[in-house]
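A short write-up of the structure that comes next.
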Amino acid sequence: MNPASVQAATPREAGGPLRLALPRGSLFEPCLDMLDRAGFATAEPRGDSRALIFDLGELSVVTVRPSDVPTYVEAGAADLGITGKDVLIEQSDRAVYELADLGFGRCRMVLAARAGSDQLGEAERRLGSMRIATKYPRTADAFFEAAGRQAEVIEVKGSVELAPLVGLADGIVDLVDTGRTLADNGLEVVDEISVCTARLLANRVAHKLRVDEIDAMVERLREAAA
Amino acid sequence: MSQPIPRGTRDILPEEMRELRAIERALGELFDARGYGEVGTPSIEYHDVLELGEGREGSGGYRFFDESGAALALRSDMTIPIARLAASRLAGAQAPLRLRYSGSIYRPVRPQRGQMRELRQVGVELIGAEAPAGTVELIELLVGALDAVGLDRAVVGLGDADLFRQLLDEFEVAGSARDRILVCLEAHDLVAIEAEAGDLAELGEAERMAIVALSSLRGGAEVLERARMIGGEAVERASSRLAATYEGLEAAGIAGRVQLDLGLLRDLGYYTGAILEVYDPALGHILGGGGRYDDLLGRFGRPMPAAGFALYLERLHLAQAEEERLSKQAASSHQQAASGDGRGS
């Protein structure tokens, strides 16, 4: 079989436990807390094992990067997945079903710049365009396009806060939790783009073919998240 | 040095081509036996003609100009060209027309998503046969086609393209709000539906709940009862249409292969009434789809009810390979268990 032929297939047994993709990182703990409340034993994934797949009885849990969750779910390598809305906005063309807002992991996607400076405004007035560093290039593009403002979006993979400090960009678009990292680096929020929480996703085919299992699991997780 | 080909296209080598042709042949023989004659249409058409069929602007992904400056486009599906053909070349032919095809379609892709620009489709169009009988004939043929290529676990989802359009009319939701909700429904983004619906003055709590509940209703005949309990004229009409089709499927003995799905929507502009999607448990992607397009032929000047389906050839092949792998795995674990009992061969 040629793996490049069509999007990835689902090499696995039908009828096994549902597979849930969980995001490693800041959402991981609250996800496991939710699974606890839903009656699953999460000691194993909480441990310092390097394993990536955990058997929780009715659920098989796989742990991946938050931005990879939609990839696994779209291809059917996981039936369900949890990730932040920020990831889903950035990957808005993914063919996955967004079934529930789990409410936790609340963050804001913001436009930020150096505190007390008018660097963004000045760049816009004098140069006609702002340079914006971000890990979320599509989110940033969509925001500026909707606002009718010109921006040159520069994609970076980490430590976005550095960019305005060393002259790579006039401002940043980034996800902010407490705002502490911004403050520590002398940055302030200029504009709020969206509020992002953890979302529960499902693969389209699994949602159609494993109706009762999916519906029951979604209800169970939704109640545990509330 | 190896020269590249465009992202989202691919070459096919003899071993794979043999297997793809075997699938095509199995489907072609079945369709021929049921009286569906094969037709071919050009890969490029006038852009205006495709857009007329689509019923909305911005159809297709690849447009260019010919020597005289006329806008051409690569076809992005097979149904519109065949509707054009049926309304013109076969204008004098006695309905119903039973046509089959196998060909490539072209769709725009997002970079680095593994999406294909060129997809091979095999399918049929049944033109001039009304619902529900025409729909039942089509689904029967679809189930037969899945069996013919060894996918006897595959399931056909059956929904109604008019349900939510009529429901939103009934709730007096119009304009851009209506479009936004339909987009959310098509993507099955339940969180966004709740948010959009919550922002609308036209929709009360009960209406919002009805939309969300309907979009998740899928299963056997009991689904229609549950839908009717939600109430409303649009739901009643859609349920009646689905019930009439389902009765025909039961009579044909294939209702067990069909899942009623009130949340099913497809993003093509021409569907009316019954819509179809095909799933196999071994593959995370949809194998194909189709539905009724009772207004499309009229756009080309020959009003006739019609319906059709298309299967993605490469995905059928992938599903076949997965199903084979799974059954081999099951057989070998069965054999191990048997030899463990001392009864193995």
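Since every read-out is calculated from the coordinates, none of them should be taken as a lab result. Computed from a predicted model, the values in this text were never measured in an experiment. Ideal geometry is used to build each Cβ from the backbone, glycine not excepted, and the neighbour counts take in all protein chains shown.
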Alpha-carbon gyration tensor eigenvalues x 5, square-rooted, for segment A:157-226, Å: 40, 14, 9
Net charge over other residues, Cβ less than 13 angstrom from the Cβ of B:ARG21 (K, R count +1; D, E count -1): -3
Rounded to whole Hz, the Karplus (6.51, -1.76, 1.60) HN-Hα couplings of segment B:311-316, x for glycine and proline: 10, 7, 4, 5, 6, 4
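For segment B:162-264, report the translational diffusion coefficient in µm²/s to the nearest whole number, using Stokes-Einstein at 4 °C, 1.567 mPa s, and a Kirkwood Rh over Cα pairs.
92
Exposed loop trypsin sites (Lys or Arg not before Pro) only (DSSP loop, at most 10 other Cβ atoms within 10 Å): please give the longest stretch of chain A free of them, not including the sites. Show your work: numbers first, answer last.
Numbers: sites that count: A:ARG50, A:LYS157.
Between the exposed loop sites, the longest stretch runs A:51-156.
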Antiparallel DSSP beta bridges within chain A, percent to nearest 5: 60
Whole-Hz ³J(HN,Hα) from phi, Karplus 6.51 cos²θ - 1.76 cosθ + 1.60, for segment B:18-25, glycine and proline x: 4, 6, 5, 5, 5, 5, 4, 5
Column: log10 I(q)/I(0), Debye, Cα scatterers of the protein assembly as shown, q = 0.09, 0.11 Å⁻¹: -0.79, -1.16
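What is the order of B:ARG100, B:ARG25, fewest Cβ neighbours within 10 Å to most?
Details: B:ARG100 24, B:ARG25 12.
Final ranking by Cβ density, sparse to dense: B:ARG25, B:ARG100.
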Anchor A:LYS135: lysines whose Cα lies under 26 Å away (excluding residues fewer than 8 positions away in-chain): A:LYS85, A:LYS157
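Using a 10 Å cut-off on Cβ to Cβ distances, tally the other chain neighbours for every residue of A:206-213 and report the average as a whole number.
On the way: counts 3, 6, 12, 9, 1, 8, 1, 0.
What the average comes to for A:206-213 is 5.
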Under the Karplus curve 6.51 cos²θ - 1.76 cosθ + 1.60, θ = phi - 60°, whole-Hz ³J(HN,Hα) for segment B:291-299, x wherever Gly or Pro sits: x, 8, 9, 5, 9, 5, 4, x, 5
Order of A:LEU20, B:LEU27, B:LEU217, B:LEU90 - criterion: other Cβ atoms within 10 Å of each residue's Cβ, fewest first: B:LEU90, B:LEU217, B:LEU27, A:LEU20
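May I ask what percent, to the nearest 5, of DSSP beta bridges between residues of the protein assembly as shown are antiparallel?
Given both bridge residues lie in the protein assembly as shown, the antiparallel proportion sits at roughly 75 percent.
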Charge sum, other residues only, whose C-beta stays under 12 Å from B:VAL49's C-beta, Lys/Arg counted +1 and Asp/Glu -1: -1
Cα-based Rg of segment A:107-196 normalised by 2.2 N^0.38 Å, two decimals: 0.96
